[in-house]
C-alpha cells in the first residue's frame, strides 16, 4: 500500500536517509525504530505529503486512506469531546456535515428551484455516508473514547477545558474513528494510562489495515508488530518479527559483520605487507603488481557500527530505618469525591511498591500524601527515621531554572561533583556532548523531565517516590534507568504505565479500587498471575 523507493532526505547539515527503501503491505503491523532525531517522524510526514524526499519516491497506492497521529495537537474548543472526535474522523465526518447542510437546503423555500439538484446530491452523499457506517458514528466515537479513559459524562463536556494530555487522547480517538486503510501512530501511548494502553493494544490487534508505529513501550511493540524497520545512520533495514527478535537478529548481524571485517582487515594487512616488502625487487614485480590489482578490485567491508549506550552507576544511598513510611486511618476527599477513608499502609525498607488503579482511584494522591505535597483530611502520614526522600512528579519540571543550561542545572545542585561525571550522567539521560549546553528554556517537556530525573538521581535518596518516571524516556534511556534502579539499595514507591518497568522493579503491588486498597505479595508478574488482570478491570487476554 505504501512504498519508499530509494529515498534520500536531509535536514540542513544532517543526513537522515541515503537511498533508503521500505514498504507497508495490507494487514502488516510495522514498528519504526531508531534513535531520537534519526528521522522517524519525517517518514510519517513524507508518507502524508507534509514533506517531500530530496531524492527517490514515496508512493501511496491509489485510493488508500491514511490516518496520522502525531504529538502536535491543534486547537480544540467550541465543541463537546464527542463532537470534536467525530469532526476529525475524515471523509465520513465531512459527509455527515454535508448531509446536515443539504437537509437545511431542502427545507429552505428560497432554494426550491434547486430542489431536484439538492435531492440528487443528497442521495449520493447519503449512500456514501451509509457505506461508511456513518449513522453509527456517535456510538463508535463513544466506544473509542471510553476505551481511552473518558467517562460518558466527560464526553459531553467542552473539549477546550481538557488538559494537553487529554486533548492528545481526543486526537488519537479521531484517527481511530476515521478507520483508514493505513494508521501512522507516532508515540500514541505517551499520555495513556495502563488500562488505555491495553485497550489500544487490543484495538490495534483487531485492526485490519496497515499500521506503522513508533513507541517507547517495548511490551506493546512485542505484542503488536510483525515487522521492524530500523533507521540507523542513513539506512533503513527491515527485520521480520517482533522487537525482541529484531534485537537478536541485529546483534547477530553486527557480530557477523565484525568477524567479516576482522578477517578482511587481516587479509588486507597481509597483502599490503607483501607489497611493501617486495615492491623494490624486480624479481617480484609481477607478483606485486598482481596483488595491487587484486586489492583494487576488493569490495571493502564497512566497519561495524558501534552503538553508543551510556550507562551510569548511581551512588548507593545511606541506610534508612526499617519502617520507611506509614499511613494510619487516612481519609482524603476532593469535594464530594472521596479518595480514601480509613486507609492504612506500611512501607518497609527495600520494598518496591507499584501502585495500580484506574483514573481517579488515588494513585498520584497517595504519592503526594507520602511526599508531603498534600495533607490528609484525617489520619496521619509518618516518614520513618533516617529517611531521605526523592519525589518525582510532572511538576518537577517547573522547578528548573529556564535561564540555566542543562549542565549548569546539575552543577548548581552538585557544586563539588566533577564535570566528567555530570556529563556522563546527562549522556545516560539522553544529553550527549554539546546537548548539555542547551538552555532549559528551549527544552521539550520530555527533555525537562529527563533533567529533573538526572538531578534527583545523581546522589539518590534512600526512598524514591516516582510518578510516571518513564513517560518521556526512549527505550535505551528507560533500560538504563531500570538497570540502575534494579541495583538501588533503597525503597521504591512508584506509578507507571510501562509493563516492562513494573515487571522489572516491583516486589509489592497495591491495587486501588472502589472497594478499597488491596495489597499483593510479590511484584507485577505475581499480581497478574494471582488476579488474572494486567491492570484493574483488564483481564489477561
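Details
- Average projection area in nm² (convex hull over Cα atoms of segment 103-148, one quarter of hull surface): 4.0 nm²
- Ranked from largest, the principal axis spans of the Cα set of segment 221-342 equal 99, 42, 21 Å.
- Rg ratio (alpha-carbon, reference 2.2 N^0.38 Å) - segment 245-297: 1.69
- Which of 242, 61 has the fewest Cβ neighbours within 10 Å, and the rest in rising order: 61, 242
- Spin-label pair residue 100/residue 373, simplified geometry with 7 Å Cα→Cβ offset, distance in nm: 4.0 nm
- At q = 0.10, 0.12, 0.13 Å⁻¹ the log10 of I(q)/I(0) for the chain amounts to -0.96, -1.27, -1.42, computed by Debye summation with a single uniform scatterer per C-alpha, solvent ignored.
- Hull shadow area, averaged, segment 430-541 [alpha-carbon convex hull, nm²]: 8.7 nm²
- Cα principal axis extents for segment 453-502, largest first, Å: 24, 18, 18
- With N the number of residues in segment 54-125, Rg(Cα) / (2.2 N^0.38 Å) evaluates to 1.61.
- Net length available on complete extension from residue 525 to residue 344 is 62.7 nm, with 0.36 nm assigned per residue and the Cα-Cα distance removed.
- Packing-based exposure ordering (other Cβ within 10 Å, fewest first) of 237, 130: 130, 237
- Fully extended contour minus Cα-Cα distance, from residue 157 to residue 328, at 0.36 nm per residue: 57.8 nm
- Using a Förster distance of 56 Å, the FRET efficiency for residue 50-residue 283 (Cβ separation, nearest 0.05): 0.25
- For segment 84-101 versus segment 16-32, the spacing of their alpha-carbon centroids is 31 Å.
- Among beta bridges from DSSP that stay inside the chain, the antiparallel ones total about 55%.
- Inter-part distance, segment 118-178 to segment 184-227, computed on C-alpha centroids, equals 20 Å.
- Extension gain for the segment residue 114 to residue 256, taken as residue separation times 0.36 nm less the Cα-Cα distance, is 43.8 nm to one decimal.
- Its Kirkwood hydrodynamic radius, worked out from the mean inverse distance over all distinct Cα pairs, puts segment 142-250 at 15.2 Å.
- Legend: ranking of residues 9, 62, 29 from fewest to most surrounding C-beta atoms inside 10 Å; resulting order 62, 29, 9.
- The mean sequence separation of alpha-carbon pairs under 8 Å and at least six residues apart, normalised by the residue count of segment 76-180, gives a relative contact order of 51 percent.
- Of interest is the spacing of the C-alpha centroids, which for segment 370-387 and segment 320-358 amounts to 9 Å.
- Here r is the Cβ-Cβ distance between residue 294 and residue 237 and R0 is 35 Å; the resulting FRET efficiency, rounded to 0.05, is 0.70.
- Cα-projected label distance for residue 386 with residue 5, points at 7 Å along beta-carbon direction, nm: 7.1 nm
- In whole percents, the pair-distance distribution calculated for segment 76-180 from its alpha-carbon pairs, binned every 10 Å from zero, is 15, 40, 26, 15, 4.
- Calculated over segment 323-539: convex hull of Cα atoms, volume per residue (Å³): 129 Å³
- 20 Å tail of the calculated P(r), segment 363-478, as % of Cα pairs: 45 percent
- Coordinate range along principal axes, alpha carbons of segment 405-465, Å, largest first: 31, 25, 18
None of the figures in this text is laboratory data; all of them are computed from the coordinates on show. Fair warning: this is a prediction, and the values are worked out from it, not measured in the lab. Cβ sites come from the backbone with ideal geometry, for glycine too, and all protein chains shown count toward neighbours.
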